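The values are calculated or read from the model by the stated rules, or taken from the named source; none is laboratory data. Remember, predicted model here, so these are calculated numbers, not experimental data. Every residue, glycine among them, receives a Cβ derived from its backbone with ideal geometry; neighbour counts consider all protein chains shown. We work out accessible area using only protein heavy atoms, side chains counted, and drop any ligands, DNA or RNA first. Shrake-Rupley method; radii C 1.70, N 1.55, O 1.52, S 1.80 Å.
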Amino acid sequence: MIRSVIRSFIPIFIFLVVWQMVAFMVSAFRGVPFPTPWATIMKLTALLGGETLSDHTLYRHLADSIVRWLAGFIMAAIAGVVYGLFAGWWRPLESATYQIVHILQLIPGLAWIPVAILVFGIGETATVFMITMTAFPPVAINVLNGVKRLDTTFVRAAQMMGAGQITMLFKVLLPGAMPSIISGLRIGLGNGWRVLVAAEMIVGAGTGLGYSIIQARWTLDYASAFACLCVICVIGLLIEHLVFNPLEKRTVERWSLQREE
């Protein structure tokens, strides 16, 4: 257990050392104050204690960002899973639409900014739209490929046993594609989180972590910007370790999809 704890802290220690060295070199050679790990921790502690940032508390910014993120991701997840299941099962739909989804996959999240502003203007809806458009393609493509890779033996067995379309969907296609669904959701969630911060910087509505970072830049409060970056990293790690890792493990155990060592 002690060795495991030490191994877990080694990357953090290396990161903090490199961060401290960069801060020292920037301050020494450029004469620009660069927030150190300690200064960032102190600022983060103050923000967690209730100090305001851009006229709002850190908790308000974080809550608004998470709401936007989840709203866009849920819509992308539902659309991606539904499309992937039907397109993977019905080949004419895949032939007619797959290239469109692939093109959407190639478009960077920030490239949707002019479209979002033209269609929705500045505000919440534009941010949610950008998250949805960025998170949808990886979910759809992964689910589609998961259905296509499904062992046809299970499909034929279900058909021979008289399974209807609903049974085939929920008892064969959905469970069989579950590992690919989880992979797609993980990628889509990460993509949506990254574009959320950028969207809030440009099309935000006055709150959010991205908005706080860009406002801290204008006021030269870089310690606050770094504190927001730390919060962004922590949220991403928590989602990965508390949601997707247990979900993936449970799926592997549930469907006996053991990985080869």
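Just to be sure, is Q105 surrounded by fewer than 17 Cβ atoms within 10 Å (Cβ to Cβ) and within 16 Å of the chain's Cα centre (by Cα)?
For Q105, the condition - surrounded by fewer than 17 Cβ atoms within 10 Å (Cβ to Cβ) and within 16 Å of the chain's Cα centre (by Cα) - is met.
Please specify each residue of segment 71-101 satisfying the condition of being in a helix (DSSP H, G or I), surrounded by fewer than 17 Cβ atoms within 10 Å (Cβ to Cβ), free of Cβ contacts under 8 Å to residues at least 40 places away in the same chain and not hydroxyl-bearing (S, T, Y).
I74, I78, V82, R91, P92, L93, A96, Q99, I100 - these are the residues of segment 71-101 that are in a helix (DSSP H, G or I), surrounded by fewer than 17 Cβ atoms within 10 Å (Cβ to Cβ), free of Cβ contacts under 8 Å to residues at least 40 places away in the same chain and not hydroxyl-bearing (S, T, Y).
When you go through R7, R30, R68, R60 one by one, which is the residue that is more than 27 Å from the chain's Cα centre (by Cα), more than 16 Å from A223 (Cα to Cα) and among the charged types (D, E, K, R)? Break it down stepwise before answering.
Working: R7 fails: more than 27 Å from the chain's Cα centre (by Cα); R68 fails: more than 27 Å from the chain's Cα centre (by Cα); R60 fails: more than 27 Å from the chain's Cα centre (by Cα).
Among R7, R30, R68, R60, only R30 is more than 27 Å from the chain's Cα centre (by Cα), more than 16 Å from A223 (Cα to Cα) and among the charged types (D, E, K, R).
Only one of these conditions is not met by L53: (1) out of contact with any His (no Cβ under 7 Å at 6 or more places or on another chain); (2) in contact (Cβ under 8 Å) with a residue 12 or more places away in the chain; (3) not charged (D, E, K, R). Which number is it?
(1)
One residue is enough: does segment 88-101 have a residue meeting the conditions within 20 Å of the chain's Cα centre (by Cα), modelled with pLDDT of 90 or more and closer than 30 Å to P137 by Cβ? Break it down stepwise before answering.
So in segment 88-101, the residues within 20 Å of the chain's Cα centre (by Cα) come out as 101.
Then keep just the ones that are modelled with pLDDT of 90 or more; that gives 101.
Filter again for closer than 30 Å to P137 by Cβ, leaving 101.
Yes, that holds for at least one residue.
Based on this model, can you work out whether S65 counts as surrounded by fewer than 14 Cβ atoms within 10 Å (Cβ to Cβ) and either free of Cβ contacts under 8 Å to residues at least 40 places away in the same chain or under 24 Å from I239 (Cα atoms) (or both)?
no
Looking at segment 32-53, can you tell me whether even one residue there is open to solvent by less than 90 Å² (accessible area, probe 1.4 Å), farther than 20 Å from V231 by Cβ and modelled with pLDDT under 90?
There is at least one residue in segment 32-53 that is open to solvent by less than 90 Å² (accessible area, probe 1.4 Å), farther than 20 Å from V231 by Cβ and modelled with pLDDT under 90.
Condition first: β-branched (V, I, T), in a helix (DSSP H, G or I) and within 21 Å of T57 (Cβ to Cβ). Now tell me which residues in segment 205-252 satisfy that. Please lay out each step first, then the result.
Restricting attention to segment 205-252, the residues satisfying the condition of being β-branched (V, I, T) are 207, 213-214, 219, 231-232, 234-235, 239, 243, 251-252.
Subsequent filtering for residues that are in a helix (DSSP H, G or I) retains 213-214, 231-232, 234-235, 239, 243, 251-252.
Across segment 205-252, the qualifying residues are I213, I214, V231, I232, V234, I235.
Mind checking whether some residue in segment 111-129 is out of contact with any helix residue (DSSP H, G or I) (no Cβ under 7 Å at 6 or more places or on another chain), farther than 23 Å from W193 by Cβ, at pLDDT 85 or above and in a helix (DSSP H, G or I)?
Yes - at least one qualifying residue is present in segment 111-129.
Identify all residues within segment 168-209 that are over 9 Å from the mean Cα position of the chain (by Cα) and among the small types (G, A, S); write none if there are none.
If the condition is that a residue be over 9 Å from the mean Cα position of the chain (by Cα) and among the small types (G, A, S), then G176, A177, S180, S183, G184, A198, A199, G204, A205, G206, G208 are the ones that fit.
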